[in-house]
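The values are calculated or read from the model by the stated rules, or taken from the named source; none is laboratory data. Note that the structure is a prediction, hence the values are computed from the model and not measured. In this analysis, Cβ positions are derived from the backbone assuming ideal geometry, glycine residues included, and neighbour counts consider all displayed protein chains.
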Amino acid sequence: MKGWLFTGAGCLALVLSACAMNDPCAEPSGAACGGDPTGNWIVTGSCRDPAYQAPDPTTYYGQPDPMARQPLPEPTNSDWCSDLQYSPQAGITLFTFPHDTLAIAPGRPVTYDASGKYATLLLTTGAGSVDLSASCLTRFAVLFQCATHDANTPEGTRSVTDDLATYSASFGNYYQDIACSDDGSGGCACTYTILSVPGGGGLNGRWSTQGSVLTHFADTMPIPSQADLCVTSDTMTLWGHDHTAIWDQAGLRTVTLMKSN
């Protein structure tokens with residue numbers, strides 16, 4: 001009987017370990033060595049948990065937003081065209097650009113000064129793509145081509161690339177390098193890059209350390225955030241303390257920085 005109990009417990013442990021969620025930003029054991037963060041730094045790498053929030057419902061219209069890490073609800077009314085509204089006269093007047101979780105761009109400056117103040121200017125970036133099917137594009141009675149206009153473009157034909165670029169200009173420089181090409185099925189396969197300045201770009205406040213824990217008291221947040229710290233030579237690594245977000249940036253779990261002159 002005891003043998004069965006031990007066997008059952010062992011099987012249960014194997015099942016639980018097999019079902020455990022992989023952590024893309026796991027902190028190495030014993031990595032938080034502490035140290036002094038004072039100085040000027042440059043971001044060289046980061047890890048942002050892609051499951052920190054549910055993906056934006058870019059292909060479902062009017063659906064309830066699910067909880068983070070929870071299954072998506074069954075769709076009841078789908079819009080597979082990314083909310084596209086296309087006019088023969090006005091071009092694209094509505095569109096949702098789907099994309100994955102944006103990453104912190106490397107090369108961003110971070111300063112921790114000796115008076116206990118910190119400042120950083122962050123930029124998030126990522127790539128996006130969408131395949132607009134023939135049915136999505138033709139339902140508006142628009143004559144179109146995927147690529148940008150050229151000398152061979154028939155009169156009255158709209159360019160999906162050009163119209164997406166024109167529409168995206170209303171968001172500033174958020175969407176860049178938009179390029180669409182024939183997907184081989186009468187639709188357009190489009191790619192683009194996304195640039196975002198989170199929190200207005202400038203994150204400021206005061207900092208303090210206690211052991212290997214670095215606490216940030218952001219000027220714009222009522223509650224401080226904490227990170228595990230390790231400074232070795234010209235490198236500093238931050239891990240969100242207890243899996244929390246660094247600099248109050250949702251999902252930002254790990255940041256690696258290099259000393260800057």
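Among the residues of segment 180-223, count how many are within 21 Å of GLY128 (Cα to Cα) and in contact with a Pro (Cβ under 7 Å, 6 or more places away or on another chain). Quick ask: steps written out before the conclusion?
At the first step, the residues of segment 180-223 found to be within 21 Å of GLY128 (Cα to Cα) are 180-198.
Filter again for in contact with a Pro (Cβ under 7 Å, 6 or more places away or on another chain), leaving none.
Total meeting the criteria: 0.
Please report, ordered by residue number, the strands (runs of 3 or more DSSP E) entirely within segment 80-122 with at least 1 residues that are closer than 29 Å to MET236 by Cβ.
Passing ranges, in order: 109-112, 117-121.
Go through segment 244-261 and count every residue that is touching a residue at least 24 places away in the same chain (Cβ under 8 Å) and surrounded by fewer than 20 Cβ atoms within 10 Å (Cβ to Cβ).
Adding up the residues that qualify gives 9.
Read through the list (1) farther than 28 Å from GLY128 by Cβ; (2) surrounded by 14 or more Cβ atoms within 10 Å (Cβ to Cβ), then give the number of the only condition that SER233 fails.
(2)
Which of (1) modelled with pLDDT under 80; (2) more than 21 Å from the chain's Cα centre (by Cα); (3) among the acidic types (Asp, Glu) does ASP113 not meet, given it meets every other one?
Every condition holds for ASP113 apart from (1).
If you take the residues in segment 131-156 that are of a type in the set (S, T, N, Q) and surrounded by 13 or more Cβ atoms within 10 Å (Cβ to Cβ), which one is farthest from TYR86 (Cα to Cα)?
Residue satisfying both the conditions and the ranking: THR153.
Being crowded, with 16+ Cβ neighbours inside 10 Å and either without any contact (Cβ under 8 Å) to a residue 12 or more places away in the chain or among the hydroxyl-bearing types (Ser, Thr, Tyr) (or both) is the filter here, so list the residues in segment 102-120 that pass it.
THR111, TYR112, TYR118, THR120, listed by residue number.
Mind listing whichever residues of segment 117-150 are among the acidic types (Asp, Glu) and over 27 Å from the mean Cα position of the chain (by Cα)?
ASP150
In segment 82-109, which residues are over 29 Å from SER159 (Cβ atoms) and touching a helix residue (DSSP H, G or I) at 6+ places or on another chain (Cβ under 9 Å)?
If the condition is that a residue be over 29 Å from SER159 (Cβ atoms) and touching a helix residue (DSSP H, G or I) at 6+ places or on another chain (Cβ under 9 Å), then ILE104 is the only one that fits.
In segment 166-185, what count of residues is obtained for those that are in contact with a strand residue (DSSP E or B) (Cβ under 7 Å, 6 or more places away or on another chain), assigned to a helix (DSSP H, G or I) and free of Cβ contacts under 8 Å to residues at least 40 places away in the same chain?
Result for segment 166-185: 0.
Could you check segment 121-149 and list, in sequence order, the residues that are β-branched (Val, Ile, Thr), in contact with a Lys or Arg (Cβ under 9 Å, 6 or more places away or on another chain) and at pLDDT 90 or above? I'd like the intermediate steps shown before the answer.
First, the residues of segment 121-149 that are β-branched (Val, Ile, Thr): 124-125, 130, 138, 142, 148.
In the following step, the residues that additionally are in contact with a Lys or Arg (Cβ under 9 Å, 6 or more places away or on another chain) were identified as 124, 142.
The one that is β-branched (Val, Ile, Thr), in contact with a Lys or Arg (Cβ under 9 Å, 6 or more places away or on another chain) and at pLDDT 90 or above: VAL142.
Of the residues LEU123, LEU214, LEU203, only one is touching a residue at least 60 places away in the same chain (Cβ under 8 Å), under 26 Å from ASN261 (Cα atoms) and surrounded by fewer than 20 Cβ atoms within 10 Å (Cβ to Cβ); which?
LEU123
Before we move on, is ASP83 surrounded by fewer than 17 Cβ atoms within 10 Å (Cβ to Cβ), within 22 Å of GLN176 (Cβ to Cβ), modelled with pLDDT under 80 and of a type in the set (D, E, K, R)?
Values: surrounded by fewer than 17 Cβ atoms within 10 Å (Cβ to Cβ): yes; within 22 Å of GLN176 (Cβ to Cβ): yes; modelled with pLDDT under 80: no; of a type in the set (D, E, K, R): yes.
Considered against the rule, which asks whether it is surrounded by fewer than 17 Cβ atoms within 10 Å (Cβ to Cβ), within 22 Å of GLN176 (Cβ to Cβ), modelled with pLDDT under 80 and of a type in the set (D, E, K, R), ASP83 comes out as no.
Restricted to segment 138-165, and to residues that are in contact with a strand residue (DSSP E or B) (Cβ under 6 Å, 6 or more places away or on another chain) and in a helix (DSSP H, G or I), which residue is nearest to PHE95 (Cα to Cα)?
Of everything passing the filter in segment 138-165, LEU164 is nearest to PHE95 (Cα to Cα).
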